[in-house]
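Below: the structure, in structure tokens.
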Amino acid sequence: MSKVPVLVTGGAGYIGAHAVLALRDAGHPVAVIDNLVTGFRFAVPDGVPFYEGDIEDADLLKRIFAEQGTRAVMHFAGSVVVPESVSNPLKYYHNNTAKSRALIAAVVEAGVPHFIFSSTAATYGTPEVSPVTEDTPQRPINPYGMSKLMTEAMLSDVAAAHALNYCVLRYFNVAGADPQGRTGQSTAGATHLIKVAVEAALGKRASVGVFGSDFDTPDGTGVRDYIHVSDLAAAHVLALQALIADPGESLTMNCGYGRGFSVLEVLDAVDRVTNRKIMREMQGRRPGDPAALISDNSRIKATLPWVPRYDHLDTIVTHALAWERKLDEICGQPSARGPSTSSHST
Ligand SMILES: NC(=O)c1ccc[n+]([C@@H]2O[C@H](COP(=O)([O-])OP(=O)(O)OC[C@H]3O[C@@H](n4cnc5c(N)ncnc54)[C@H](O)[C@@H]3O)[C@@H](O)[C@H]2O)c1
Ligand SMILES: O=c1ccn([C@@H]2O[C@H](COP(=O)(O)OP(=O)(O)O[C@H]3O[C@H](CO)[C@H](O)[C@H](O)[C@H]3O)[C@@H](O)[C@H]2O)c(=O)[nH]1
């Protein structure tokens, strides 16, 4: 297996921090760039060069590529809140699309040959088929999904014109935390169901709203394909190997387990794991929520030697809960969450 220096953008965020661990565990040298808008300095492990800065900063990127000998970029940095993208679309087209363009330009300029991009099932919008294959028409129903789809298109065009191959990974619903408890989701004011539910189980919220119970699903609540964040991180490391092995080939793959759980099934799992009962509040549908979103994962399974290790809802919830408890200890140390004062540190 080739080991190449990798720059992880957004490596102080939830999924990026898990990718940093997976890359390190696999023996790749890793560096992180993050502007800490939603990420945390404490999420970057000791010994990983950390550059506090923005992915649109061409001079900084040039310096990082030179200092680190970067051969691949894993691009997680971005804005991720769907309703916010509806109320403030220009923020999403700026931070996700325009700044991805700046990053890709710096990558091309420096001759970095491999690029892995965090895309999303939100690019499919409200698909008419289930499960969703990579060839299902992409019709985003919100600016977040469109901002990501535009970056997919840029990568495809740039790879055709320059010496770059890429892998687009379209994540379904990412949840859970590092099984060894090294990192997890620390996002302030999170809206993701499993994070919200474990916060409620630990008394940080009074209840969990169930957004719609009249969907065309077995129990009427929304069905999603929840993928453990560490299985997702492992897929990134394998995708990198595939890009290195065949520099003429680019890839686009769904990341999910190919099965779905309803909101009520998720809340039942949290009750089961904690042996408590979370208060549920039945509410109306959230705008733009599809009834069900389940991946067809046959392509990733056929392309990569990817064998999920944590495809079990109770395991995902158990790991999310363990991290939520640990987060209380970390938050007890205010300096750990405070903004960094240096422009970069290595
Ligand atoms: N969480 C999910 O379920 C999910 C699903 C599909 C796709 N994704 C994608 O995965 C990626 C990571 O999401 P996450 O859940 O870890 O979110 P996150 O907010 O925890 O992480 C994003 C990180 O990027 C950093 N960042 C944002 N803009 C930046 C910029 N301009 N320059 C430098 N750093 C910047 C933030 O500080 C943060 O650390 C995102 O691109 C997101 O769209 C997430
Ligand atoms: O408090 C909550 C939160 C969520 N839900 C429901 O739980 C399901 C999952 O909702 P999430 O907010 O956890 O996730 P989404 O499916 O809305 O979206 C997530 O997964 C998408 C891909 O599937 C995109 O990538 C998106 O960025 C990411 O936030 C939905 O049916 C939602 O209506 C609730 O009932 N109550």
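Observations, loosely collected:
- Filtering region 6-24 for residues that are part of a helix (DSSP H, G or I), of a type outside the set (Val, Ile, Thr) and without any contact (Cβ under 8 Å) to a residue 40 or more places away in the chain leaves a non-empty set.
- Test result for Val208, within 29 Å of Arg276 (Cβ to Cβ), in contact with a strand residue (DSSP E or B) (Cβ under 7 Å, 6 or more places away or on another chain), of a type in the set (Val, Ile, Thr) and within 14 Å of ligand 1 (Cβ to nearest atom): no
Quick grid of which residues meet (1) in contact with an Asp or Glu (Cβ under 6 Å, 6 or more places away or on another chain); (2) free of Cβ contacts under 8 Å to residues at least 60 places away in the same chain; (3) under 21 Å from Glu324 (Cα atoms); (4) not aliphatic (A, V, I, L, M):
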position: Gly256; (1), (2), (3), (4): yes, no, no, yes
position: Ser262; (1), (2), (3), (4): yes, yes, no, yes
position: Asn275; (1), (2), (3), (4): no, yes, yes, yes
position: Arg286; (1), (2), (3), (4): no, no, no, yes
position: Ala291; (1), (2), (3), (4): yes, no, no, no
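- Scanning region 193-211 for residues that are out of contact with any helix residue (DSSP H, G or I) (no Cβ under 9 Å at 6 or more places or on another chain) and either over 18 Å from His228 (Cβ atoms) or in a loop (DSSP other than H, G, I, E, B) (or both) turns up just one, Gly203.
- Residue check, Thr151 surrounded by 21 or more Cβ atoms within 10 Å (Cβ to Cβ), at pLDDT 95 or above and away from ligand 2 (no atom under 13 Å from the Cβ): yes
- Of all residues in region 221-276, exactly one satisfies the criterion of being in a helix (DSSP H, G or I), within 15 Å of the chain's Cα centre (by Cα) and within 15 Å of Lys195 (Cα to Cα), namely Val229.
- Here Tyr166 does not fit the description of being within 13 Å of ligand 2 (Cβ to nearest atom) and surrounded by 22 or more Cβ atoms within 10 Å (Cβ to Cβ).
- Test: residue in region 147-159 that is among the aliphatic types (A, V, I, L, M), at negative phi and not in a helix (DSSP H, G or I): no
- Evaluation of Val108 against (1) assigned to a helix (DSSP H, G or I); (2) within 16 Å of ligand 2 (Cβ to nearest atom); (3) among the β-branched types (Val, Ile, Thr) (one fails), failing number: (2)
Okay, residues lined up against (1) assigned to a helix (DSSP H, G or I); (2) under 21 Å from Ala159 (Cα atoms):
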| residue | (1), (2) |
| --- | --- |
| Tyr92 | yes, no |
| Ile104 | yes, yes |
| Val112 | no, yes |
| Thr126 | no, no |
| Glu134 | no, yes |
| Arg139 | no, no |
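- Candidate set from region 169-192 (those that are assigned to a loop (DSSP other than H, G, I, E, B) and charged (D, E, K, R)); member that is nearest to ligand 2 (Cβ to nearest atom): Asp178
- If you go through region 90-101 and keep only what is farther than 12 Å from Lys148 by Cα and either within 20 Å of the chain's Cα centre (by Cα) or of a type in the set (Phe, Trp, Tyr) (or both), you end up with just Lys91.
- Under the condition of being closer than 21 Å to Glu324 by Cβ, surrounded by fewer than 21 Cβ atoms within 10 Å (Cβ to Cβ) and not hydrophobic (A, V, I, L, M, F, W, C), the residues counted in region 1-57 number 3.
The values are calculated or read from the model by the stated rules, or taken from the named source; none is laboratory data. This structure is a prediction, so every number in the text was calculated from the model and none was measured. For neighbour counting, all protein chains shown are included, and Cβ atoms are generated from backbone atoms with ideal geometry for every residue, glycine included.
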